[in-house]
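Worksheet for the structure shown next.
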Amino acid sequence: MRAIADTAKIRRFMNALAQTTTTPVQVYFTGGATAVLIGWRTSTIDVDIHLIPDDDRLLRGIPRLKDDLQINVELACPAHFIPELPGWQDRSCFIDKEGTLSFFHYDFYAQALAKIERGHSLDMADVVAMFQRGLVQAVALMKHFEAIEGQIYRYPALDARAFRSAVENAIDSLTS
């Protein structure tokens with residue numbers, strides 16, 4: 001069983017990951033790693049990342065780093081669960097550069113919509129934290145949802161009406 005990841009452990013992971021390759025790669029953190037690095041949570045169970053481009057040396061190095069650092073690392077991003085938001089890379093927030101790796105927070109709107117779709121209590125608390133910190137705004141959140149609404153059919157596990165309703169309910173609760 002690996003330990004939870006706090007800010008120091010995620011930063012050690014960033015440094016160690018950068019030492020596994022000389023290829024320029026953008027590493028996007030999502031979920032709990034974003035929450036920990038920004039500061040509304042003190043720890044997370046999993047460090048979810050998305051790599052652009054895929055890099056075999058990084059991917060081969062991750063299992064060793066998971067063991068060395070006793071950290072859970074998963075390859076996951078919002079686009080694995082909901083349609084990809086147009087312009088998400090432009091809205092992704094730069095964190096730091098380590099070696100040839102550039103680290104970012106995956107677009108907060110994409111993260112918020114994926115969390116709303118899942119609907120777990122911790123996910124909804126994260127959405128509230130993003131809203132309170134000004135990382136997402138209600139009107140823009142709905143516009144981003146509407147931008148992907150016509151693509152929801154590509155995700156058979158999603159129910160478009162239920163997803164829209166969840167977004168509307170989340171926005172109502174955030175703005176009331």
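Once segment 65-82 is narrowed to residues that are under 21 Å from Pro24 (Cα atoms) and in contact with a helix residue (DSSP H, G or I) (Cβ under 9 Å, 6 or more places away or on another chain), the residue that is most open to solvent (accessible area, probe 1.4 Å) is Leu75. Look at segment 144-156: where a residue is among the aliphatic types (A, V, I, L, M) and a partner is assigned to a helix (DSSP H, G or I), sitting 6+ places away or on another chain with Cβ atoms under 8 Å, you get Ile148/Leu113; Ile152/Ala160; Ile152/Phe163. Among the residues making up segment 33-54, those that are out of contact with any Phe, Trp or Tyr (no Cβ under 9 Å at 6 or more places or on another chain) and among the hydroxyl-bearing types (Ser, Thr, Tyr) are Thr42, Ser43, Thr44. Would a scan of segment 11-21 turn up a residue that is closer than 27 Å to Ala125 by Cβ, in contact with a Ser or Thr (Cβ under 8 Å, 6 or more places away or on another chain) and either open to solvent by less than 70 Å² (accessible area, probe 1.4 Å) or at pLDDT 95 or above (or both)? No, every residue in segment 11-21 fails to be closer than 27 Å to Ala125 by Cβ, in contact with a Ser or Thr (Cβ under 8 Å, 6 or more places away or on another chain) and either open to solvent by less than 70 Å² (accessible area, probe 1.4 Å) or at pLDDT 95 or above (or both).
Just to be sure, is Ala129 small (Gly, Ala, Ser), in contact with a Lys or Arg (Cβ under 9 Å, 6 or more places away or on another chain) and in a helix (DSSP H, G or I)? Taking the combined requirement at face value, the residue satisfies it.
In segment 112-146, of all residues being out of contact with any helix residue (DSSP H, G or I) (no Cβ under 6 Å at 6 or more places or on another chain) and under 13 Å from Ile38 (Cβ atoms), the one that is most open to solvent (accessible area, probe 1.4 Å) corresponds to Gln132. Considering only residues in segment 88-97 that are open to solvent by 90 Å² or more (accessible area, probe 1.4 Å) and either touching a Ser or Thr at 6+ places or on another chain (Cβ under 9 Å) or not basic (Lys, Arg) (or both), the one that is nearest to Ala157 (Cα to Cα) turns out to be Asp90.
Suppose the filter is more than 16 Å from Lys115 (Cα to Cα), open to solvent by less than 60 Å² (accessible area, probe 1.4 Å) and among the aliphatic types (A, V, I, L, M); does Val47 pass it? Considered against the rule, which asks whether it is more than 16 Å from Lys115 (Cα to Cα), open to solvent by less than 60 Å² (accessible area, probe 1.4 Å) and among the aliphatic types (A, V, I, L, M), Val47 comes out as no. The listed residues are Leu85, Leu174, and the only one of them that is open to solvent by less than 30 Å² (accessible area, probe 1.4 Å), under 14 Å from the mean Cα position of the chain (by Cα) and farther than 30 Å from Arg12 by Cβ turns out to be Leu85.
Residues in segment 26-43 that are within 11 Å of Glu98 (Cα to Cα) and either touching a helix residue (DSSP H, G or I) at 6+ places or on another chain (Cβ under 6 Å) or open to solvent by 60 Å² or more (accessible area, probe 1.4 Å) (or both): Gln26 alone.
The values are calculated or read from the model by the stated rules, or taken from the named source; none is laboratory data. The shown structure was predicted, so the numbers you read here are calculated from the model rather than taken from an experiment. A quick note on method: Cβ atoms are made from the backbone with ideal geometry, for glycine too, and the neighbour counts reach across all protein chains shown. Quick note on the areas: whole protein, heavy atoms, side chains included, nothing else; ligands and nucleic acids left out. Shrake-Rupley method; radii C 1.70, N 1.55, O 1.52, S 1.80 Å.
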